[in-house]
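Okay, so here's the structure we're looking at.
The values are calculated or read from the model by the stated rules, or taken from the named source; none is laboratory data. As the structure is a prediction and not an experimental result, all values here were calculated from the model. Cβ coordinates were reconstructed from backbone atoms using ideal geometry, including for glycine residues, and neighbour counts include every protein chain displayed.
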Amino acid sequence: MKHFTSVNQIEDLDALILLAKQIKANPYANKAIGENKTLGMLFFNPSLRTRLSTQKAAANLGMHCITMNLNTEGWSLEFEDGAIMDGNKAEHIKEAAQVISQYCDVIAIRSFPSLTDKEKDEEDQVINSFAKYATVPVISLEGATEHPLQAIADIITIREYQTKKRPKVVLTWAPHPKALPHAVPNSFVKMMQLADVDFVITHPQGYELNPEVTKNSLINHDQNDAFKDADFIYAKNWSNYNDYGQILSRDLSWTVNPEKMALTNKAKFMHCLPVRRNQIVSDAVLDSDSSIVIPQANNRTYAAQAILTKILRNED
Amino acid sequence: MKHFTSVNQIEDLDALILLAKQIKANPYANKAIGENKTLGMLFFNPSLRTRLSTQKAAANLGMHCITMNLNTEGWSLEFEDGAIMDGNKAEHIKEAAQVISQYCDVIAIRSFPSLTDKEKDEEDQVINSFAKYATVPVISLEGATEHPLQAIADIITIREYQTKKRPKVVLTWAPHPKALPHAVPNSFVKMMQLADVDFVITHPQGYELNPEVTKNSLINHDQNDAFKDADFIYAKNWSNYNDYGQILSRDLSWTVNPEKMALTNKAKFMHCLPVRRNQIVSDAVLDSDSSIVIPQANNRTYAAQAILTKILRNED
Amino acid sequence: MKHFTSVNQIEDLDALILLAKQIKANPYANKAIGENKTLGMLFFNPSLRTRLSTQKAAANLGMHCITMNLNTEGWSLEFEDGAIMDGNKAEHIKEAAQVISQYCDVIAIRSFPSLTDKEKDEEDQVINSFAKYATVPVISLEGATEHPLQAIADIITIREYQTKKRPKVVLTWAPHPKALPHAVPNSFVKMMQLADVDFVITHPQGYELNPEVTKNSLINHDQNDAFKDADFIYAKNWSNYNDYGQILSRDLSWTVNPEKMALTNKAKFMHCLPVRRNQIVSDAVLDSDSSIVIPQANNRTYAAQAILTKILRNED
């Protein structure tokens with residue numbers, strides 16, 4: 001595995017899930033493979049779960065981990081080719097990526113989109129520039145368009161809780177006070193397309209995700225209808241994709257509440273966290289037994305550890 | 001030991017001091033008990049001694065340590081039950097505490113009081129909410145009302161320097177340009193009430209600490225009189241407790257200086273640090289042999305290591 | 001080796017370079033000497049290469065490393081003797097340095113100059129105060145007047161790439177939009193004076209470095225003439241030293257470009273990084289085979305590891 005920045009790079013999902021499961025059963029079994037290996041974690045944005053779980057995963061593998069908030073603790077980076085660097089950007093990504101590659105055996109990066117420049121965001125410039133210039137593997141800790149480690153944790157969790165061979169999984173948009181990126185829903189949609197599930201996306205009219213991501217996944221604008229017989233409800237807000245980065249709806253009738261959960265097949269409730277209570281989901285759902293957001297977050301460690309293991313083993 | 005957030009949770013002080021003494025004599029003797037254990041240190045406020053000494057203590061025990069400035073590097077937390085999270089708080093403590101508990105075997109937290117809302121501060125909401133929702137032990141690295149690791153370092157230091165069975169220990173208020181919390185004096189008072197010492201508190205009229213903390217400890221408003229025959233002078237500023245969080249006095253006649261120290265029984269001078277020179281204490285005292293603030297700070301490592309050891313051993 | 005804060009403290013340069021070379025060939029050979037040793041890295045300013053390479057060097061030696069942004073994560077420090085600390089400075093360097101010395105076996109510090117107060121900057125107050133009050137060795141990660149670890153990486157790199165016994169090395173000033181410190185050129189000049197090289201400094205009239213540093217090193221104000229027959233071009237901007245901290249020239253005719261490089265003896269291009277493209281140097285030079293800035297940065301690890309090794313071995 002060279003880089004891991006997209007769900008698209010997963011070649012054998014079942015093998016990856018099996019690896020994660022083995023790691024979860026015995027997380028410290030491979031402390032030797034990370035010996036004298038350094039993971040550099042570079043943050044351009046806040047992180048809690050990703051930061052802690054990836055650091056934990058690295059430690060479980062015996063790796064040394066260096067964490068930096070690149071913008072505040074390092075130098076601001078220039079990403080444009082041919083730039084005349086007479087402004088505020090002190091260092092070009094070409095040097096930064098090559099230099100960091102000499103100190104770290106794996107580079108992991110979090111960089112959110114602007115949500116103002118769609119074309120730029122879709123280039124996922126920070127992650128992809130590091131992937132281009134780094135001479136070591138690069139892992140996305142959530143880029144502008146994907147959050148693939150989250151999607152691995154999601155499918156591991158679904159596998160653990162599914163009670164039938166082909167469960168029905170519903171990705172539902174839900175209201176949120178702030179404009180949020182598309183990375184989590186994009187990676188989740190891609191993962192559900194790979195997995196053996198009945199998958200439905202539900203959101204208000206006009207809240208379509210990138211059609212190149214959703215492809216022929218089923219979209220139902222009637223949330224109640226979509227929830228019928230669902231085994232998993234995966235709630236997530238995203239800002240508008242067509243009217244890029246805008247909040248066109250904060251309709252609280254889309255909040256996941258007990259009445260909506262009653263329409264399902266005793267579905268489990270999932271969310272990537274952090275979650276806004278009584279916006280995305282009501283307290284009554286999140287505090288009920290149907291919520292599996294906490295064990296879902298726990299699987300972040302094993303998702304990261306599986307990817308790090310594959311990288312350290314030089315596996316595809 | 002489940003949580004360690006208050007001096008009140010110490011069941012056997014002599015045993016704890018003995019453990020710290022053994023650790024100090026041989027700090028790396030128990031590196032196996034922390035193997036594959038992670039300490040998560042979460043800071044809502046600045047820290048120097050606590051941060052470094054606790055990280056050192058964890059390393060001495062073979063633990064892996066993850067340090068985060070939660071407010072700037074993670075998400076701002078909501079602590080109110082039933083909150084409609086449509087403002088700036090991105091994550092509820094319920095999720096945060098449970099999630100972090102899955103990545104860390106022990107959670108240590110620093111969170112200062114507002115000094116504007118007495119009732120709220122006395123709830124010590126951040127520390128106590130983590131203690132409520134975390135599924136692993138929580139250690140206070142100084143909360144709104146207590147700094148128990150400091151108090152353990154204080155009593156270790158007094159034991160090392162006392163030359164008589166029952167020394168006289170004086171806690172003296174001293175002037176400071178900023179409004180300071182009550183956590184350090186509260187924990188020190190509680191510790192002195194547990195220890196076998198003659199204890200006197202001296203402060204200007206009206207600067208009484210919380211009477212539920214001071215209980216029947218002796219209070220003397222005449223600093224000079226209080227200092228007579230003292231073996232230890234523990235200086236500390238705190239803001240007013242009755243007129244909550246206000247600075248009612250910056251009276252430099254309360255500064256500890258050589259004239260005042262001359263009233264004592266060749267007392268040792270103590271302070272938790274950081275200390276304002278020529279406000280709390282004059283250079284002449286701090287730079288003299290009577291000052292033991294540096295070895296006192298050194299004992300922070302062994303205080304933290306003793307508590308971590310008890311937690312890792314699942315001792316009461 | 002007590003402290004390492006200046007090139008002047010290098011007693012045997014050839015032995016140091018040999019040590020670094022041995023470490024580079026076998027970086028993990030001495031993991032035992034750092035066991036139970038803690039490196040405290042204190043940053044008052046941004047850092048990328050220095051931070052990562054020193055942390056990597058410490059890990060290679062088996063050391064535990066604690067990293068702090070002292071100003072934002074700790075307390076702001078007072079450095080003046082006799083200060084009445086009634087302002088914003090919460091802790092005196094006397095306490096801070098002594099206390100940190102109890103938690104760390106080596107203290108490494110980055111602190112940039114003000115570029116407004118020449119006399120103050122030349123005292124290099126932060127680094128030298130730590131060196132004065134710390135009871136453990138102090139390493140400069142770039143102070144106000146020197147960046148000695150950079151200079152070691154520079155000479156290691158020159159040794160690796162030189163093709164004749166006594167290469168010609170040119171330090172050239174180059175334009176930059178911001179006022180930069182003199183630490184890197186100062187340490188480089190001192191290093192070249194120690195090394196067996198033909199050394200020339202070239203810069204615009206009036207851009208003389210501190211004459212106590214340059215001593216009798218050759219200065220040539222004609223950049224083209226200086227470049228003739230050069231084997232190494234080391235580019236660097238610095239702000240004016242006489243008109244202290246001012247930018248008197250941003251003359252782009254001093255930018256290192258292919259025409260200028262054509263004047264040399266197929267010289268290798270060096271820079272400490274971060275480098276402003278198309279200000280200091282043109283893309284065409286930096287992206288050519290003549291640039292060795294990336295392997296130069298790699299040697300930062302072995303420079304730091306050599307110094308840490310000497311300190312841990314208690315060598316001069």
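Observations, loosely collected:
- C:P27 meets the stated requirement of being in contact (Cβ under 8 Å) with a residue 60 or more places away in the chain and either hydroxyl-bearing (S, T, Y) or out of contact with any Pro (no Cβ under 9 Å at 6 or more places or on another chain) (or both).
- Residue within segment A:196-211 that is modelled with pLDDT of 95 or more, buried (at least 22 other Cβ atoms within 10 Å of the Cβ) and part of a helix (DSSP H, G or I) present: no
- Of the residues making up segment B:146-165, those that are touching a residue at least 60 places away in the same chain (Cβ under 8 Å) and not in a helix (DSSP H, G or I) are B:E146, B:H147, B:Q162, B:T163, B:K164.
- Some residue of segment A:123-138 being among the β-branched types (V, I, T), in contact (Cβ under 8 Å) with a residue 12 or more places away in the chain, touching a strand residue (DSSP E or B) at 6+ places or on another chain (Cβ under 7 Å) and not in a helix (DSSP H, G or I): yes
- Qualifying residue in segment C:299-309 (condition: of a type outside the set (F, W, Y) and without any contact (Cβ under 8 Å) to a residue 24 or more places away in the chain): no
- Lone unmet requirement of (1) out of contact with any Phe, Trp or Tyr (no Cβ under 8 Å at 6 or more places or on another chain); (2) among the aromatic types (F, W, Y); (3) more than 7 Å from every other protein chain (Cβ to nearest Cβ) for B:F44: (1)
- Those residues of segment B:261-305 which are more than 11 Å from chain C (Cβ to nearest Cβ) and of a type in the set (G, A, S), in sequence order: B:A262, B:A267, B:S288, B:S290, B:A303
- Pairs with Cβ under 6 Å, 6+ apart, first in segment A:89-103 and at the interface with chain C (Cβ under 7 Å from one of its Cβ atoms), second assigned to a helix (DSSP H, G or I) and among the aliphatic types (A, V, I, L, M): A:Q98/C:I294; A:V99/C:A297; A:Y103/C:L52
- Subset of segment A:143-157 (residues that are surrounded by 23 or more Cβ atoms within 10 Å (Cβ to Cβ) and either charged (D, E, K, R) or touching a Pro at 6+ places or on another chain (Cβ under 9 Å) (or both)): A:G143, A:A144, A:E146, A:H147, A:D154, A:T157
- Every residue from segment B:102-124 that is farther than 30 Å from B:N36 by Cβ and in contact with a Ser or Thr (Cβ under 8 Å, 6 or more places away or on another chain): B:P113, B:L115, B:K120, B:D121, B:E122, B:D124
Residue-by-condition table, conditions (1) under 19 Å from C:D154 (Cα atoms); (2) among the hydrophobic types (A, V, I, L, M, F, W, C); (3) assigned by TED's automatic domain parsing to the domain that holds C:L115:
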| position | (1), (2), (3) |
| --- | --- |
| C:I247 | no, yes, no |
| C:L252 | no, yes, no |
| C:M270 | yes, yes, no |
| C:N278 | no, no, no |
| C:L308 | yes, yes, yes |
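- Flag if C:F130 is modelled with pLDDT of 95 or more, more than 8 Å from chain B (Cβ to nearest Cβ) and surrounded by fewer than 20 Cβ atoms within 10 Å (Cβ to Cβ): no
- Remark: pairs (first residue in segment A:64-77, under 15 Å from A:E91 (Cβ atoms); second residue surrounded by fewer than 21 Cβ atoms within 10 Å (Cβ to Cβ) and among the polar types (S, T, N, Q); Cβ separation under 7 Å; 6+ apart in sequence or on different chains) = A:E73/C:N69; A:S76/A:N88.
- When A:G82, A:G74 are checked against the criterion of being closer than 19 Å to C:T67 by Cα and either at the interface with chain C (Cβ under 8 Å from one of its Cβ atoms) or of a type in the set (D, E) (or both), A:G74 stands alone in meeting it.
- So B:L18, is it away from every other protein chain (no Cβ under 13 Å), surrounded by fewer than 19 Cβ atoms within 10 Å (Cβ to Cβ) and touching a Leu at 6+ places or on another chain (Cβ under 8 Å): no
- Breaking point among (1) touching an Asp or Glu at 6+ places or on another chain (Cβ under 8 Å); (2) closer than 21 Å to B:A153 by Cβ, for B:T202: (2)
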